[in-house]
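Below: one structure, written as structure tokens.
The values are calculated or read from the model by the stated rules, or taken from the named source; none is laboratory data. Predicted, not measured: the structure shown is a model, and the values here were computed from it. Don't worry about glycine lacking a Cβ; one is built from the backbone with ideal geometry, like all the others, and counts go over all protein chains shown. Side chains included, ligands, DNA and RNA excluded: accessible areas come from the protein's heavy atoms. Shrake-Rupley method; radii C 1.70, N 1.55, O 1.52, S 1.80 Å.
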Amino acid sequence: MDGTTPNTTAHSRAMPFWEDVLADMEATAEDYEQSGWDVVQLHPGDVTPRWTEDHDEFGLDVLVPNDEFDAVSDLLDSGVEFDAFEAFRATGDSLVFVVVVMEDHDTETAVCYPTYYDVRGAEQMLQDAMNAGVMYSFIRTLTEDRVRFTHDDPAVFQPPEPEQEAETDDSATDADE
């Protein structure tokens, strides 16, 4: 990439929206907590769309601090199994923002994290997800420790259709499951 491609500039273009996205995540986490759920919130340093030429690995690569990664890893080690997810989507500056909530209904445990990607730089990732009928999030650290979350409805990660986008402003959030 040459520094002007969408994926390279997505991080800086996401910043004007980031505080609102984090506030949405925190409000969502609070709703779960008020319903009695245990919630872990993740605060990514960067989010990058990823895909491979052989189309066997694709999704959003979510870089988180070690302590937050350890909290997720500890949940998985203790037997938490995420059986569902919620996704809340918004758009702005050719970016798609998605607050994801991974849910384990048996233990009433959730992991919330915000993501984003540039629509113009993620076509292959999005196409691979739709072809496979699944989307992935890779929660990882700088040392490349990682956990993969599976989302069985890749459509909620797709950018809204132009007519959907025209119906909402850039700060609106669509709830999808």
When you check residue 33 against the structure, is it assigned to a strand (DSSP E or B) and among the acidic types (Asp, Glu), yes or no? no
Of everything in region 41-51, what is open to solvent by 30 Å² or more (accessible area, probe 1.4 Å) and either small (Gly, Ala, Ser) or touching a strand residue (DSSP E or B) at 6+ places or on another chain (Cβ under 7 Å) (or both)? Give them in sequence order. 41, 45, 46, 48, 50, 51
Could you list, in sequence order, all residues of region 69-110 that are surrounded by fewer than 19 Cβ atoms within 10 Å (Cβ to Cβ) and part of a helix (DSSP H, G or I)? 70, 71, 73, 74, 76, 77
Could you go through region 4-17 and let me know if any residue there is modelled with pLDDT of 90 or more and not in a strand (DSSP E or B). yes
Could we say that residue 159 is assigned to a strand (DSSP E or B) and at pLDDT 90 or above here? no
Flag if residue 144 is at pLDDT 95 or above, more than 12 Å from the chain's Cα centre (by Cα), open to solvent by 10 Å² or more (accessible area, probe 1.4 Å) and at positive phi: no
Determine whether residue 122 is at pLDDT below 95, open to solvent by 20 Å² or more (accessible area, probe 1.4 Å) and among the aliphatic types (A, V, I, L, M). no
Subset of region 116-136 (residues that are assigned to a strand (DSSP E or B) and either in contact with a Ser or Thr (Cβ under 7 Å, 6 or more places away or on another chain) or among the charged types (D, E, K, R) (or both)): 118, 136
Would you confirm whether or not region 56-66 contains a residue that is charged (D, E, K, R), part of a strand (DSSP E or B), out of contact with any helix residue (DSSP H, G or I) (no Cβ under 8 Å at 6 or more places or on another chain) and open to solvent by less than 50 Å² (accessible area, probe 1.4 Å)? yes
Subset of region 60-105, residues more than 17 Å from residue 147 (Cα to Cα) and out of contact with any strand residue (DSSP E or B) (no Cβ under 8 Å at 6 or more places or on another chain), comes to 92, 93
Give me the pairs: first residue in region 15-43 and small (Gly, Ala, Ser), second residue loosely packed, with under 13 Cβ neighbours inside 10 Å and part of a loop (DSSP other than H, G, I, E, B), beta-carbon distance under 9 Å, and six or more apart or on different chains, which are they? none
Of all residues in region 45-84, which are within 16 Å of the chain's Cα centre (by Cα) and β-branched (Val, Ile, Thr)? 47, 48, 62, 64, 72
Failed item, numbered, when residue 166 is tested on (1) closer than 30 Å to residue 67 by Cβ; (2) open to solvent by 80 Å² or more (accessible area, probe 1.4 Å); (3) at pLDDT below 90: (1)
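Matching residues to (1) of a type outside the set (Asp, Glu); (2) more than 12 Å from residue 157 (Cα to Cα); (3) under 13 Å from the mean Cα position of the chain (by Cα):
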residue	(1), (2), (3)
97	yes, no, yes
102	yes, yes, yes
112	yes, yes, yes
120	yes, yes, no
124	yes, yes, no
127	yes, no, no
131	yes, yes, no
136	yes, no, yes
